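First up is the structure itself, then whatever we jot down about it.
Derivation of every value follows stated rules applied to the coordinates shown; laboratory data play no part. The model shown is predicted, which means the values in this text are computed figures rather than measured ones. Methodologically, a virtual Cβ is constructed for each residue, glycine included, from the backbone with ideal geometry; neighbour enumeration extends over all protein chains shown.
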């Protein structure tokens with residue numbers, strides 16, 4: 001009987017493990033951020049990357065100062081904006097809102113949410129529109145990610161993902177508890193302390209069924225995807241050798257790619 005039980009337990013363990021799909025990401029594209037800035041201080045950490053599907057352009061922001069670079073690239077990765085183009089706000093999150101058809105974002109602390117107005121060419125930030133100011137997020141440094149299916153902006157706060165309604169910038173009350181590294185609802189393993197293995201500023205929204213939420217595990221050198229309803233792990237994406245993996249910022253998802261910022265080379269690198 002003991003052998004039977006042990007075999008059954010092994011089978012169950014293998015079944016649980018098999019639920020988690022694993023593969024290795026491959027590099028697709030690089031976006032070279034200029035070292036210049038209006039302030040003379042170009043910043044060191046990448047805030048986020050957003051893709052404008054109508055203009056077919058990437059928008060990248062540096063975190064830390066309103067004068068840090070905001071750089072625009074075409075779909076091949078060629079820079080089309082001035083080397084002195086700036087964020088105009090101390091940026092953290094950056095996303096495309098399909099309702100307003102605009103690039104929007106959230107700023108540091110109480111800077112609030114904003115939207116960019118572009119010139120006719122789509123290569124220059126003509127104007128910054130403030131949507132709302134105040135503490136419209138769960139922490140000072142959090143990087144917002146847009147969920148187009150529910151028209152919400154998601155923020156990572158400790159072990160939970162908190163959603164704010166894009167229309168009025170208020171929490172929708174549907175917080176998602178993340179069970180770090182756990183793939184089965186019956187697994188009673190504690191996740192205490194595991195949060196220290198993950199990039200603490202950033203959650204990404206992929207839109208992939210049962211794997212909508214993504215987090216960077218910089219200790220195990222992988223992106224982990226979780227079900228937004230259960231908070232359980234469903235996919236593991238291993239990073240290739242040499243890919244940058246930081247404890248904060250420098251991580252994004254847009255246009256079907258996972259993005260990592262190399263702070264030394266000042267490049268956003270897109271992987272699939």
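Remarks
- Cα gyration tensor category, rounded, prolate or oblate, for the chain with a/c compared to 1.5: prolate
- Over the stretch 152-272, relative contact order from alpha-carbon pairs under 8 Å, at least 6 apart, %: 18
- Three-way shape call for the stretch 131-171 based on the alpha-carbon gyration tensor, with the a/c threshold at 1.5: oblate
- Order of 143, 33 - criterion: other Cβ atoms within 10 Å of each residue's Cβ, fewest first: 33, 143
- Separation of alpha-carbon centers, the stretch 72-91 and the stretch 184-220, rounded to whole Å: 30
- Global form of the stretch 81-157, assessed from the alpha-carbon gyration tensor, a/c cut-off 1.5: oblate
- Highest average packing first - 191-197, 76-82, Cβ atoms within 10 Å: 76-82, 191-197
- For the stretch 21-271, DSSP calls about 95 percent of its internal beta bridges antiparallel.
- Tilt relative to the chain, helix 2-18 - C-alpha long axis, 0 to 90 degrees, to 10: 20
- Going from the fewest other Cβ atoms within 10 Å to the most, the residues 99, 28, 236, 223 appear in the order 99, 28, 236, 223.
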